[in-house]
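First comes the structure, then the notes that go with it.
The values are calculated or read from the model by the stated rules, or taken from the named source; none is laboratory data. All values reported here derive from a predicted model rather than from experimental measurement. No Cβ is skipped: glycine too gets one built from the backbone with ideal geometry, and neighbour counts run over all protein chains shown. For accessibility, only protein heavy atoms count, side chains too; no ligands or nucleic acids. Shrake-Rupley method; radii C 1.70, N 1.55, O 1.52, S 1.80 Å.
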Amino acid sequence: MNKLHIVKAGMMVSVQDPGRRGMLHSGISASGPMDPAAFAFAQALVGNAPALAALEFAHLGGSYRVDAPTRIAVTGGQVDIRIDSRQVAAWESHWLQPGETLAVGAMVGAVWGYIAFSGGIDVPPLLGSRSTHLRSRIGGLDGRTLQAGDALSLGSSTDAPCLRLALPIHRGRGPIRVVPGPQDDYFDGATWDMFLRSDFRVSSKRDRMATMLDGPVIRAFRGHDIVSDGTPLGSIQVPGSGQPIVLTAERQTTGGYPKIATIASVDLPRLAQTPSGASIRFARISQAAAEDLLVAERLRLKASLENLQPVDTVTP
Amino acid sequence: MRILPAGDQALTVELSDQVDDATNRRVIALAESLAARPVDGITETVPTYRSLLVCYDPAIVRASALADTLAERLASLDVEHTPSRHWTVPVFYGGPAGMDLEELARMKGIDVDEVIRLHSGAEYRVYMIGFAPGFAYLGGLPEILHTPRLTTPRQHIVAGSIGIGGKQASINSLAGPSGWRFIGRTPVQLFDPQRQEPALFRAGDTVRFEPVNEAEFERLEARVAAGETIAEPVLP
């Protein structure tokens, strides 16, 4: 059986599949990739079904070996990738042979990267998913990040050509769009103006659970305690410090801080990929407009995934 | 009642801004109704104290239409016949995990046995599961035992710890930090990812605590370690 060997661990490397659904009522958030589209491209580039598992890392990828010929692809952002001394491109699949070492360096202009291996990472599914939930210490490999010396089984795959994107990925520009609520009425008009007109810096206090934002203090005139309620993906909670916190893949499922708004699903991965220290702005849109954006984005992603091109195997 | 936007894949059905039994019963009745007679496009629900988070797929149903469906469902809700299960949870009061028991008794001007009698004499309602996997927020703590949280949380509280935070009681599901006060420990595992239903309790269940001595706690703990089930739900 083919195995993946972790030679050098990158940062926060974890096994992820699309996530664990239907467990919110038990207090377990979905987990899954911080950038689902980048994850889906990595999987498609190596010919994996979307539900299989790959690796996610933050900033630094690490180095890897395999026991049998395997196609690999790295996505998420621009990054130096080498197979032994040969430099290879991101957003494109390549063969990794036994005896060769795949080294994935530091990403530029993005935070979360994905490394997919043909056949997928075959850890036992837990509660319907292979995703690691680091905060709950479940899923993936013993619920933890990977370390040098770890070895993971890879599923079997059929022979197929290496692929690349037909068109480069364009993440949208402009402000991060938000849908006000559920506690938008805890914040007065002047605070809303400030929220929409100020720059917020993405703090380095971030992980798979949440991202903190630095900027003007956001005051809830009705107070910063609510009767705890459900915390959806992308909700922006505002604790007493007035510093907004965006809840992400491994968030707690309920919380007691007012949530001024929820980030539109199409823009949440863009925020997740914004490097620490960079500034963002928010723009408000309606719930219906955010729904339209999400439905359209899914169709675009599906079309791009179906339109991958074989890599020309003739070396110039 | 208000139906509030919670992004482009969720709605919050808010029945009240208070914590009370009647509201929580309606929240759980709505969740049960949606489980029994599913609505196309709803992916999952999260019952909490006074609201239900309803997650949906906008490719199947839009929030505007879903809000109407939810309002209709609420109008015809059968709160009386919503099933709930009852649990008896053995607790060893005091000991290393119940480090606040004696201080709590001193703060209240009663003896330790009286704290145990009050705590184990009440019936609690699981208002919600949240914060962490399987963590149960319990309502029904006798008023004399209401105690503010610590100003500085402790870093390591063991799983199974029996806590008091303000007006609420809890059973901690996983080890971790907490600012609540702890008076004992149960060997019952509230969260086990290997179980088909990993969280032992569901919102709406009722719970009573049964004092056990240290020897009995250890016997029960050994049975749990051997893979036995020591707490079974009683259906009404």
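Out of the total accessible area of chain A (probe 1.4 Å, heavy atoms of protein only), what percent is carbon and sulfur?
So the carbon and sulfur contribution to the accessible surface is 55 percent.
What does the buried accessible surface come to for B and A, summed over both chains, with the probe at 1.4 Å? Round to 100 Å².
Adding both sides of the contact gives about 3300 Å².
Relative contact order for segment A:129-245: what percent, with Cα pairs under 8 Å and sequence separation of 6 or more? Mind dumping the intermediate values first?
Working: 95 pairs, mean separation 18.5, N = 117.
RCO, segment A:129-245: 16 percent.
Run the reach check for A:K8 against aspartates and glutamates, Cα to Cα strictly under 12 Å, same-chain hits fewer than 8 apart removed. What comes back?
By straight Cα distance, A:K8 reaches A:D150.
What average number of partner chain Cβ atoms lie no more than 10 Å from the Cβ of the residues making up B:188-194?
On the way: counts 0, 0, 1, 5, 0, 11, 3.
The mean count of partner-chain Cβ atoms within 10 Å per residue comes to 3.
Considering only protein heavy atoms, what per residue accessible area in square angstrom results for chain A with a 1.4 angstrom probe?
Spelled out: the 1.4 Å probe surface of chain A, per residue, equals 40 Å².
Which order, highest average first, do B:72-81, B:7-16 follow once you tally other Cβ atoms within 10 Å for each residue and take the mean per peptide?
So the order, starting with the most tightly packed, is B:7-16, B:72-81.
Could you work out the relative contact order of segment A:68-150? I mean the mean sequence separation of Cα pairs under 8 Å and 6+ apart, divided by the number of residues, in percent.
Computed value for segment A:68-150: 26 percent relative contact order.
Using only Cα atoms, tell me the angle between helix B:21-36 and the longest principal axis of chain B; keep it within 0 to 90° and round to the nearest 10.
60 degrees
Would you mind giving the mean number of other chain beta-carbons within 10 Å of the Cβ of each residue in B:56-65, as a whole number?
Across the residues of B:56-65, the mean count of other-chain Cβ atoms within 10 Å is 4.
Percent of Cα-Cα pairs per 20 Å bin, from 0 to the last occupied bin, for chain A, please list those.
33, 54, 13, 0
Just need the relative contact order of segment B:1-127 here, percent rounded to a whole number, with Cα pairs under 8 Å and 6+ apart.
About 21 percent, as a whole number.
With a cut-off of 13 Å, note down the residues of segment A:154-192 whose backbone N falls inside the zone around a label point 7 Å from the Cα of A:A289 toward its beta carbon.
A:175-180
With labels modelled as points extended 7 Å from the Cα through the Cβ direction, what inter-label distance (nm, one decimal) is found for A:V7 paired with A:D185?
6.0 nm
How well do other chains shield peptide A:246-253, expressed as the mean number of their Cβ atoms within 10 Å of each residue Cβ?
On the way: counts 0, 0, 0, 0, 0, 0, 5, 10.
Rounded to a whole number, the mean comes out at 2.
Taking the alpha-carbon distance from A:K259 and a cut-off under 21 Å, which lysines remain once sequence neighbours fewer than 8 residues away in the same chain are dropped?
A:K205
Rank these residues by their accessible area, most exposed first, probe 1.4 Å: A:M1, A:M212, A:M34, B:M99.
On the way: A:M1 170, A:M212 40, A:M34 15, B:M99 85 Å².
Heavy-atom accessible area, descending, gives A:M1, B:M99, A:M212, A:M34.
Each label point is 7 Å from the Cα along the Cα-to-Cβ direction; what then is the distance between the points at B:M1 and A:A51, in nm?
With each label point 7 Å from Cα toward Cβ, the separation is 3.6 nm.
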